[in-house]
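A short write-up of the structure that comes next.
Bear in mind these aren't lab numbers, they're just calculated from the coordinates by the rules spelled out. Since we're looking at a predicted model, the values are computed, not measured. Cβ: placed from backbone, ideal geometry, glycine included. Neighbour counts: every protein chain shown.
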Amino acid sequence: VKQAAAKRRERYEEFLKSVPILQSMEAYERNSMCDALQSHTIAKGEVIIKQGDSGDMFYILEEGEAVCEKVYLAGTPAQEVLRYTAGGYFGELALLTNEPRAATVTAASECRLLTLSRRTFKGLLGPLEDILRRRAAEYK
């Protein structure tokens, strides 16, 4: 069991080093994050987050592809805003602003996601909050 946990942590650590926004984290911060991450497999077509819902999770796409769509005007069709691939992350906007989800993200293929709870996100990514806020402003 310990060996499996050590392998998982090593895999997550290597992966997190490849995520641009997380590269400025110290090694001990990445280690803490690795210990807190939860892994989820999502089927193609499954909605991961839905526009308007409250948010309490941060997501990092480890494998697969996901599509972000937003309804700008009630009653009109959703428009594709972004496509996420491995290393992409989402869900931070609702955690930073305490507002409902700003868009819907759906799995475009089978995906493996790593998630952090709101509390862990705030504790571990506090130093990156300014960078995340600037990036979040791009969604508006």
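K2 sits among other residues whose Cβ lies under 12 Å from its own Cβ, and their net charge, with Lys and Arg +1 and Asp and Glu -1, is +3. Sites listed here are chymotrypsin sites (Phe, Trp or Tyr not before Pro) in the range 23-125 whose DSSP assignment is loop and whose Cβ has at most 10 other Cβ atoms within 10 Å: Y72. Net length available on complete extension from S117 to D53 is 21.5 nm, with 0.36 nm assigned per residue and the Cα-Cα distance removed.
So how tilted is helix 27-36 from the main axis of the chain? Cα-based, degrees 0 to 90, rounded to 10. It works out to around 70 degrees. Taking only Cα atoms, what is the 0 to 90° angle, nearest 10, from helix 2-17's long axis to the longest principal axis of the chain? Between the helix axis and the principal axis of the chain, the angle is about 50 degrees. Could you tell me the calculated FRET efficiency between Q38 and R83, based on Cβ-Cβ distance and R0 = 22 angstrom, to the nearest 0.05? For R0 = 22 Å, the calculated efficiency reads 0.40.
Charged neighbours of E14, selected by a Cβ distance under 12 Å, balance to +3 (K, R count +1; D, E count -1).
Just to be sure I understand the curve: with the Debye formula and one point per C-alpha of the range 36-140, what is log10 I(q)/I(0) at q = 0.09, 0.13, 0.19, 0.23 Å⁻¹? The calculated log intensity ratios at q = 0.09, 0.13, 0.19, 0.23 Å⁻¹ are -0.21, -0.44, -0.95, -1.37. For the range 71-82, backbone phi angles converted through the Karplus equation (6.51, -1.76, 1.60; θ = phi - 60°) give residue-by-residue couplings of 9, 8, 9, 3, x, 9, x, 5, 10, 5, 9, 8 Hz, Gly and Pro being listed as x. Distance between the pseudo-spin-label points of E26 and A5 (7 Å out from Cα toward the beta carbon): 2.3 nm. For S39, neighbours were defined as the other residues whose beta-carbon sits under 9 Å from its Cβ, and their charges (Lys and Arg +1, Asp and Glu -1) total +1. For the chain, the number of Lys pairs with C-alpha atoms closer than 28 Å, counting only pairs eight or more positions apart or on separate chains, is 16.
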